[in-house]
Amino acid sequence: MADPTAPLLDVRNLTKIYPRRKGLFGKGDDFVALDDISFTVARGEVLGIVGESGSGKSTAGRIAMDILPRTSGQVLFDGVDPDGMDRRQRRAFRRRAQMIFQDPYASLNPRMTVEQLLRTPLALHGLTAGPAEDRRKLVAALDLVGLPETLLNRYPHEFSGGQRQRINIARALMLDPALVVADEAVSALDVSVQAQVVNLFMDLRERLGIAIVFIAHDLPVVGVISDRIAVMYRGRIVELGETVAMFTRPRHPYTAMLLNAAPAPDSAPAGPMAARLPAEETDGAGGCAFRPRCPFAIAACATGKPPVRMLEGGHMTACLRDELVIDGPLAGQSCR
Amino acid sequence: MSRPILSVRKLAVTFAQGSGPDIPAVEGASFDVGAGETVAIVGESSSGKSVTAMALLGLLPAGAGTIVSGQALFRRDEAHEVDLLALPEREMRALRGRDISMVFQDPMTSLNPVLTIGEQIAEVLTTHDGLTRRQARATAVDLLARVGLRDPGQIVSHYPGQLSGGMRQRVMIAMALACRPRLLIADEPTTALDVTVQAQILALLRQLQAEMGMAIIFITHNIGVVAQISDRVVVMYSGQVVENAPVRDALDGPLMPYSSVLFRTVPTYDAVLARRRRLPTIPGHVPDPRHRPQGCTFHPRCAHFRPGVCDMFRPSLEAAREGHEVRCVRWQEIARG
């Protein structure tokens, strides 16, 4: 067993490059999906990863789960890289790290009953412990996600989107995971159902001590549930920090722009940050990728990729302009 | 409010199925839209919000299975009023795209992939305004510039697949605005877009509305977007309008228990600050339209449910005060606390 104070998941300098060729033999520009990203997730912690389409947030989650190969970098789960795991370790990793996807319709086999769906992981991992014990586990998992055991003989098509997502979560829970990576797990759900599933994730964390990587584009939702948030832009983590600190004083202009653009019922109408967006993005090659959209860009931003700077409280930002003070939606409200 | 541009009365849409029970998608929806006003229709799945839009546009699948009743009086100009629900298809086709136009959620499936952007916009203009192809192309370039696209002269010869989602949605808006409609119906126009692109599109719609004075019906499930764009909110639940009020009245002091709990399920920055980490929820789920509960359709999920009252009579939409309607028999008691 690894050191209990060490992070459960420790991702270091992860890079993912998709080679792009022009023609059959020609060389093209490589597409850098992930550019040297590092983050940790502590036991029982909720780390939110936000960013827009193409930011690399899903790629980061998939590589951390070792379901997508990486170009370089390290993923340490309990101190061991899945890349170097033997069969036994890999099996344990596959059990202890679970993933929930966005589409609750596509992720359940329509020809299996709920009972079969929930038994399958046990069988695959050789964890069956006799019919009575297995049944007890099934019912306990359903109970945790708030579904009655009378549903065990039903098929996925008989359920609503919210119920299907609960079944997905129950299936992940059958294996007592230490980490759940949820990729846009509530985005496809109705508002009232989304609130139920968000609360369910919070229950899992409190009652089972499960760590959660919550990948989403909806900032207010991520803000409510995450201890810390990583903000991604064009394959880089541009800011990572504790939630309230980030919502009070975002340290990267892109975070401020996202916060400003994400409407909450109690937010002011989009302010000057959102209004200053250029119509379409131009390439920020050579410097900070956000430079063409940034109202605070200076000449130095074009000369090289801004280094990651560590601030107080473990907060980090990849913006050169450390003197900037940008008010987030919680500015003036929190006691920090 | 001055005379509304659109007055919907007792709109009902039922989908009859050959074998199974009928599906009453919309049950007697009534609301007005003032000239230049933005009315948000909010609701969850099967609330009837999108079916309402399709009915107004005459785009519901025709056939014996679809039964539409009620009235939707649309003021075409100062002198002429037409009932959108009774209009013959030929007249509806002339009206749609010219006086009333629409923008849908998915810009990819709404654009024809094998026609250039210019050809598609020109089609609207040659059909409705009788412009020549050359004039239409020039107008198309103007329109693309107005919705904030760079290099509109280039974009007219692009195919939809060459544009990003945000650019395609701008093209859809340009097409919708081509004939300067008096009413724009937008069904989840920003739902598929990134938040910063969404902010741009909302700002664009507000700006174009101010310039052209058109009214907008904005259908969405996103309460944050409602707060940003609308003047008035119509809340729908299981096929019925349950509340209709000016936006701040609706969001700050909703009177119908469903609207009030729906608005609270959305995370706010206050909740982030308080580190509550639990969102208020509505127990149960939206009822199957084929088996809606007796009485108030929300009563099985309502914290203010009173047996013998709420499960007996279906409440009517009543005016709580000027411009604020609510469908709940207990709203006065609840408001008193």
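The values are calculated or read from the model by the stated rules, or taken from the named source; none is laboratory data. Predicted model, so just to flag it, every value in this text is computed and none were measured. Positions of Cβ are backbone-derived with ideal geometry, glycine not excepted, and every protein chain shown enters the neighbour counts. Side chains are part of the model used for accessible areas, which takes the heavy atoms of the whole protein and leaves out ligands, DNA and RNA. Shrake-Rupley method; radii C 1.70, N 1.55, O 1.52, S 1.80 Å.
Can you tell me which residues in segment A:149-166 are buried (at least 16 other Cβ atoms within 10 Å of the Cβ) and within 13 Å of chain B (Cβ to nearest Cβ)?
Passing the criteria: A:Phe159, A:Ser160, A:Gly161, A:Gly162, A:Gln163, A:Arg164, A:Gln165, A:Arg166.
Restricting to segment B:300-315, name every residue that is open to solvent by 30 Å² or more (accessible area, probe 1.4 Å) and either assigned to a helix (DSSP H, G or I) or small (Gly, Ala, Ser) (or both).
Residues satisfying the conditions are B:Pro300, B:Ala303, B:Gly308.
Looking only at segment B:146-195, count every residue that is more than 14 Å from every other protein chain (Cβ to nearest Cβ), small (Gly, Ala, Ser) and assigned to a loop (DSSP other than H, G, I, E, B) and tell me the total.
Residues meeting the conditions: 2.
Out of curiosity, is B:Ile173 within 29 Å of B:Ala35 (Cα to Cα) and in contact with a Phe, Trp or Tyr (Cβ under 9 Å, 6 or more places away or on another chain)?
Values: within 29 Å of B:Ala35 (Cα to Cα): yes; in contact with a Phe, Trp or Tyr (Cβ under 9 Å, 6 or more places away or on another chain): no.
Answer is no for this residue.
If you take the residues of segment A:45-93 that are open to solvent by 50 Å² or more (accessible area, probe 1.4 Å) and part of a loop (DSSP other than H, G, I, E, B), which of them is nearest to A:Gly223 (Cα to Cα)?
Among them, the one singled out is A:Ser53.
Just one of B:Gly97, B:Gly65 is open to solvent by less than 50 Å² (accessible area, probe 1.4 Å), modelled with pLDDT under 90 and under 30 Å from B:Arg292 (Cβ atoms); which is it?
Residue meeting the stated conditions: B:Gly65.
Out of segment A:137-148, which residues are part of a helix (DSSP H, G or I), touching a Lys or Arg at 6+ places or on another chain (Cβ under 8 Å) and surrounded by fewer than 19 Cβ atoms within 10 Å (Cβ to Cβ)?
A:Leu144
Of the conditions (1) open to solvent by 20 Å² or more (accessible area, probe 1.4 Å); (2) within 11 Å of another protein chain (Cβ to nearest Cβ), B:Ala271 satisfies every one except a single condition; which number is it?
Tallying (1) open to solvent by 20 Å² or more (accessible area, probe 1.4 Å); (2) within 11 Å of another protein chain (Cβ to nearest Cβ), B:Ala271 fails exactly one: (1).
Tell me which of these B:Ser260 doesn't satisfy, since it passes every other one: (1) among the hydroxyl-bearing types (Ser, Thr, Tyr); (2) surrounded by fewer than 19 Cβ atoms within 10 Å (Cβ to Cβ); (3) within 13 Å of chain A (Cβ to nearest Cβ).
So B:Ser260 meets the others, but not (2).
Identify all residues within segment B:1-26 that are more than 24 Å from B:Ala215 (Cα to Cα) and in contact with a strand residue (DSSP E or B) (Cβ under 9 Å, 6 or more places away or on another chain); write none if there are none.
Residues satisfying the conditions are B:Thr14, B:Phe15, B:Ala16, B:Gln17, B:Asp22, B:Ile23, B:Pro24, B:Ala25.
Working carefully through the options B:Ala40, B:Ala16, B:Ala55, find the one that is of a type outside the set (D, E, K, R) and either more than 24 Å from A:Val191 (Cβ to Cβ) or surrounded by fewer than 22 Cβ atoms within 10 Å (Cβ to Cβ) (or both).
B:Ala16
Under 6 Å between Cβ atoms, at least 6 apart or on separate chains: pull out the pairs that start in segment B:45-62 with a residue that is under 12 Å from B:Ser238 (Cα atoms) and end on any residue that is open to solvent by 10 Å² or more (accessible area, probe 1.4 Å) and assigned to a loop (DSSP other than H, G, I, E, B).
What qualifies is B:Ser45/A:Asp190; B:Ser46/B:Val286.
Listed here are the residues, each with its yes/no results for (1) within 10 Å of chain B (Cβ to nearest Cβ); (2) under 22 Å from B:Ala271 (Cα atoms); (3) surrounded by fewer than 21 Cβ atoms within 10 Å (Cβ to Cβ); (4) at pLDDT below 90.
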residue	(1), (2), (3), (4)
A:Ala170	no, no, no, no
A:Leu189	yes, yes, no, yes
A:Gln196	yes, yes, no, yes
A:Met202	yes, yes, yes, no
A:Arg205	yes, yes, yes, no
A:Leu208	no, no, yes, no
A:Val213	no, yes, no, no
A:Ala216	no, yes, no, no
